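Accompanying notes for the structure given below.
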Amino acid sequence: MGKDGRVQNRPNGPGPLALVGSGEYLPEMAEVEAGLLEGRPPRYVQLATASVPDGPSVVARWHALGRAQAGRLGVEAVVLAVSDRGSAGDPLVAAQVAGAGLVYLSGGHPAFLAETLRSTLVWEAVLAAWQEGAALAGCSAGAMALSSWVPSLRNPSLEGVPGLGLLPHVRVIPHFDAFVARAPGLVSSVLGDGGGREEGVNVVGIDELTALVGGPEHWEVKGRGSAWLLRPDGRVQVPAGATLETPS
């Protein structure tokens, strides 16, 4: 037990996953993040790698928000400075993942995140921590990158790139309520040609300030909004508190 009385044992097997529509590190999502840390070491590892294309000031903002959230939760913030494949392959950076209770991939550009982390020491360390019981969360771009295919949001006309492959049977459309309200045609462009229509792939929309927690096939909807299972014949709404299945 830690100095704050928090139990620091690790459960047997992989930890829970969280796919978040938006709101990483915001007070509104603190309950979700606290739940992911419950019963796990109070060590909150954060990667703002997906925001690197937006510039240093944006990355610094995510780092500050992450530290503030860790402070609210009473846990240690471990900010990984991963900006390119060189830093993602640095053994000293990868070593900082050890002992994590929660690893969080925040938002930005999903293709850049996947291309930067794929087959690197940092990603291997993240997978090892998750397999040993740490929780693993991705918000917006971070959630999208966990699949086996990722759209290029900077250029939707491109076919996209391979994702990190942890959830090959799921495609995530984050900010789903905002997408549908402001740009309904964007949903199709995000999916791309074949980017989610393969047999056995579940396409899921996740509203802002909403998360799917559990996985890899059985999820609970948490937060203020809903999740949506997108099928060829329409959408199925799954409200907060209900469960959603994504069979592989």
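Just so you know, all these numbers are worked out from the coordinates, no wet-lab data involved. Note that the coordinates shown come from a computational prediction; the quantities given were computed from them, not determined experimentally. Ideal geometry is used to build each Cβ from the backbone, glycine not excepted, and the neighbour counts take in all protein chains shown.
As I understand it, the value is the acute angle between the Cα axis of helix 121-131 and the longest principal axis of the Cα atoms of the chain; what does it come to in degrees, rounded to 10?
That works out to roughly 90 degrees.
Ranking request for peptides 76-86, 237-247, 45-55: highest mean number of other beta-carbon atoms within 10 Å first, then the rest in descending order.
Result, highest mean Cβ count within 10 Å first: 45-55, 76-86, 237-247.
To the nearest 20 debye, what is the magnitude of the charge dipole of the chain about its Cα centre, counting +1 on the Cβ of each Lys and Arg and -1 on the Cβ of each Asp and Glu?
Result for the chain is approximately 400 debye, rounded to the nearest 20.
If R0 is 41 Å, what FRET efficiency do you get for S57 and D233 from their C-beta distance, rounded to 0.05?
On the way: r = 45 Å, r/R0 = 1.09.
After rounding to 0.05, the efficiency reads 0.40.
List the residues, sorted by chain then number, that are 5 or more residues from N202 or on another chain and whose placed amide H is less than 5 Å from its amide H.
It is V170, R171, by chain and number.
What list do you get for L113, L65 if you sort them by fewest beta carbons within 10 Å?
Least crowded to most crowded, the residues run L65, L113.
What is the helix-to-structure angle for 56-73, meaning the angle in degrees between its Cα long axis and the longest Cα principal axis of the chain, kept from 0 to 90 and rounded to the nearest 10?
Approximately 60 degrees, to the nearest 10.
Work out from phi, with θ = phi - 60° and the Karplus expression 6.51 cos²θ - 1.76 cosθ + 1.60, the ³J(HN,Hα) of each residue of region 36-51, listed in order in whole Hz, and give x for Gly and Pro.
My calculation for region 36-51 gives 5, 7, 4, x, 10, x, x, 10, 10, 8, 10, 10, 9, 4, 4, 8 Hz in order.
Before rounding to the nearest 500, sum -39500 (n - 2.57) across all DSSP H runs of length at least 4 in the chain and divide by the residue total; then give [θ] at 222 nm in deg cm²/dmol.
Taking each H run of at least 4 residues, the total per residue is -7500 deg cm²/dmol.
Kindly provide log₁₀ I(q)/I(0) values, in the same order as q = 0.13, 0.15 Å⁻¹, from the Debye equation applied to equal alpha-carbon scatterers of the chain.
One equal scatterer on each Cα of the chain leads to -0.73, -1.00.
What is the order of R43, R118, R224, R182, fewest Cβ neighbours within 10 Å to most?
R182, R224, R118, R43
Limiting things to C-alpha atoms, what are the Rg and the maximum Cα-Cα separation (Dmax) for region 1-130, in angstroms?
For region 1-130, the Cα radius of gyration and maximum Cα-Cα distance read 14.1, 40 Å.
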